[in-house]
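What follows is one structure encoded as structure tokens, with my remarks underneath.
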Amino acid sequence: MRYLKSAAFLLLVMSGSVSLLPQTAIASPPESDTQNGSSSAKPPAKPASILSAAPLAVDLTRSDAALGLVEAQVTDGRSPQFSQVAEGRSPVAETVVAQAPPAQPAAPPMDLEDFRRLIESPSQQQAQTPAPAENPTESPTESPAASPEEGDLPTLEEPAPAPPPTEEAMPDEMSPETLFPEADFNPADVEIGDPIDSLVADPNPLNFPTAPEEVEIDRSPVLTLEQATELAYRNSQALQRSLLTLEQAEAAIDEARAAQLPTVSTGADITSRESGGTSGLSGLENIPGLGEVGQDSGLSTTLSGSVDVSYDVFTGGRRAASIRAAELQRQTSALAVESQQEQIRLNTANSYYALQEAGEQIRINQSFLDEAARNLRDSRLRQEVGVGTRFDVLRAEVQFANARQSLIQSQSQQQIARRDIARLLNLPPTASLQTTPVAVAESWPLTLEESIVLAFQNRAELEQQLLQADISEQQRQIALASIRPQVSVFANYNLQNSLDDNDGFQDNYAFGARFNMTLFDGGAARARARQQQLDGLISEEQFGENLDQFRFDVEQAYFNLQANQENIATSQVAVSQAEEALDLANLRLQAGVGTQLDVLTAQRELTEAEGNSVTAILGYNRALAELQRAVSNVGDL
């Protein structure tokens, strides 16, 4: 008997003419006595017109009557004819129709508009009945809905974005309008190329907002990547620090070169002295040290001045080494500015692409949410008319909830990415920015080998290491100069006048040479020189390590560029295929030969394919930016 039931179910699926009516259109079930003598309620049979127009679907929970009739036919030796199945007529359906009450009029086919009226007007569902067909004698096979052709099948709705079906599915406080408010700034309302001067940061870094309205975003222009990079050069605090360090190095050169000139100093002083005075004491004239006691005392004032000139003729190489070391340090600082500019360019590109990716994720997740909402509404419509199950509705609700969570998360990531690039560009507290649509960047014209060689020639970090080794050598010479002979010349001129005597000014001068040399310092000077020598060796080793690292950076970026370039073409094909698969899944579900699981899977695969396409494009752009950074100073290749 189990095999008979399986064969009967297979025939039902092949015939495609058995379905169920809504509860309002089902007549009183007839009693069946084909299986046993007890009276048991069986599902009613449907009119032939309804059977012909209904979608090709079978409800396993309500097909007991049809299965019972098939079992009776097989028991009597009468089996369904496959010729009838091929002609589109199910013997089981004809038997069920034969047992239907004869007084029941034929119902017209129910289309999507009838389904919507049933859902939107539940209060009128029991008061109204479907209108009779204009031509009751018309054959069911002549109805357009009865045609087995795929194009004539009734369709619920074309796949299109739609809001959630009912308030019960999504309360007001959880609606998309509440959860996803529209952005304050629409990129379509802002022209590309707004003046960058309005986004220049405050020149005083000590100023900061003190009121909430001073940090409220009031403008968000659309900037291209090139404009964002230019703005980063103008506003970057890190670049400003590098420029200030370069100015320090230039001042250090002036300080070192000052040792090439003589040193001139001058000074003046005025001195008053008190001489011995009269005293009433007697007998003290001959006491040594008291002077002439008894004579008048007074003050003597003297004015004097001097000019000194000195010059180091020979410093043991300290002066030349100091000047050379300062010049090398200035070159190192200039290379640091160049390296900082290249890094700012890379960081700006990465932040810009991150903001673009966040925006694309919102678009993809919003499309998936709209598709999930449409699927949820259609699932509820199918359940209302009796061709769907509660299980399908629950799966659609879960899909809708997951899509809504993904959209919320992607919007949060976009806000974070927008503020991150605003921080990187040091925008004013009331400014933000929008990005242009995602597009593939230009191609890289060089081969891998040419890129590696060009990176070795252009990287500022490699030249910095070589300069650092030269600076260490100059510092070694400075350390050794302290134990070498030092020769200097000097000259001074003195002028003096006693203001009490009015004798006029008296002057004198002197000049000469001075020799100095440290004979023994315990080896301190040579120890300092050894330290600087080792610093130079460390710089050379660092040069070799950086050489290998920069080659790896070029190779890694180049390989990523090639991989993402191939992925772009593959992902675009996958997107078109996923869209076609989703359309077919919806058509199969509407025709009754597919399942809702196929639709859910197709929707998920389309979302994944679109995400992979965006990832491939932005991955290519990121790889190109990293390759440009690894090579540096690419200019217009």
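The values are calculated or read from the model by the stated rules, or taken from the named source; none is laboratory data. Just so it is clear, the structure is predicted and the values come from calculations on it, not from any experiment. FYI the Cβ positions are ideal-geometry reconstructions off the backbone, even for glycines, and counts take in every protein chain you see. For the accessible areas, the whole protein counts, side chains as well, though only heavy atoms, and no ligand, DNA or RNA atoms are used. Shrake-Rupley method; radii C 1.70, N 1.55, O 1.52, S 1.80 Å.
Per 10 Å bin, what percent of the C-alpha pairs of the stretch 464-536 does each bin hold, from zero upward?
Result, from short to long distances: 17, 24, 19, 15, 12, 10, 4 percent.
Could you tell me what a quarter of the Cα convex hull surface of the stretch 570-625 works out to, in nm² with one decimal place? Don't skip to the answer; put the middle values down first.
Values: hull surface 13.9 nm².
Averaging across all directions leaves 3.5 nm² for the Cα convex hull.
Out of residues 5 or more away from Arg219 or on other chains, whose amide H comes under 5 Å of its own, with H placed 1.01 Å from N in the peptide plane?
It is Ser432, by chain and number.
Taking amide H positions as placed 1.01 Å from N in the peptide plane, with prolines and chain starts having none, which residues 5 or more places from Thr301, or on another chain, fall under 5 Å of its amide H?
So Thr301 has HN proximity to Arg273, Leu499, Asp500.
Spelling out what I want: for every residue of the stretch 229-237, take phi, set θ = phi - 60°, compute 6.51 cos²θ - 1.76 cosθ + 1.60 (Karplus), and round to whole Hz; glycine and proline get x.
5, 4, 5, 5, 4, 7, 9, 5, 6
Determine which residues of the stretch 314-330 fall in the zone a paramagnetic label at Arg257 would reach in this model, i.e. backbone nitrogen under 19 Å from the point 7 Å along Cα→Cβ.
The answer is 318-330.
So, taking all protein chains as they sit and a 1.4 Å probe, how much accessible area belongs to Asp420, in Å² rounded to tens?
We get 60 Å² for Asp420.
How many nm separate the modelled label positions at Asp420 and Tyr311, each set 7 Å beyond the Cα in the direction of the Cβ?
About 6.3 nm separates the two model spin labels.
Please give the contour-minus-distance gain from Glu579 to Gln533: 0.36 nm per residue of separation, less the Cα-Cα distance, rounded to one decimal in nm. Provide the component values of the computation, followed by the final result.
Numbers: separation 46, 0.36 × 46 = 16.56 nm, distance 6.76 nm.
Contour length minus the Cα-Cα distance gives 9.8 nm.
For the stretch 515-633, divide the Cα radius of gyration by the Kirkwood radius and give the resulting Rg/Rh value with two decimals.
Numbers: Rg = 30.6 Å, Rh = 19.7 Å.
Rounded to two decimals, Rg/Rh equals 1.56.
Which FRET efficiency value, to the nearest 0.05, is calculated for Thr302 and Ala491 with the Förster distance at 30 angstrom and r the Cβ-Cβ distance?
Values: r = 23 Å, r/R0 = 0.77.
Working from the Cβ atoms, E equals 0.85.
Relative to the compact-globule scaling 2.2 N^0.38 Å, provide the ratio for the alpha-carbon radius of gyration of the stretch 356-401. Walk me through the intermediate numbers first.
Working: Rg = 13.2 Å, N = 46, 2.2 N^0.38 = 9.4 Å.
Normalised Rg, Cα atoms only: 1.40.
Step through the residues of the stretch 583-593 one at a time and calculate ³J(HN,Hα) from phi using the Karplus curve (6.51 cos²θ - 1.76 cosθ + 1.60, θ = phi - 60°), rounding each to whole Hz and writing x for Gly and Pro.
After applying 6.51 cos²θ - 1.76 cosθ + 1.60, I find 4, 5, 5, 5, 5, 5, 5, 5, 7, x, 9 Hz.
Taking 7 Å along the Cα-to-C-beta vector as the label spot, tell me the Gln549-Ile270 distance in nanometres, rounded to one decimal.
According to this spin-label approximation, the distance is 6.6 nm.
Count neighbours as other Cβ atoms within 10 Å of each site's Cβ, and list the chymotrypsin sites (Phe, Trp or Tyr not before Pro) in the stretch 516-563 that are DSSP loop with at most 15 such neighbours. The partial results should precede the final answer.
Working: sites: Phe520, Phe543, Phe550, Phe552, Tyr558, Phe559; in loops: Phe520.
The qualifying sites are Phe520.
Quick check for you: which residues of the stretch 563-599 have the amide N under 19 Å from the point 7 Å beyond the Cα of Asn402 toward its beta carbon?
The answer is 578-579, 581-583, 585-586, 595-599, whose backbone nitrogens lie closer than 19 Å to the label point.
Tell me which residues come under 5 Å, amide H to amide H, from Gly388 once H is placed; ignore anything under 5 positions away on its chain.
Placed amide hydrogens put Gln383 under 5 Å from Gly388.
Kindly write out, for the stretch 492-497 in residue order, the coupling ³J(HN,Hα) from the Karplus curve 6.51 cos²θ - 1.76 cosθ + 1.60 (θ = phi - 60°), rounded to whole Hz, with x marking Gly and Pro.
9, 9, 10, 9, 9, 8
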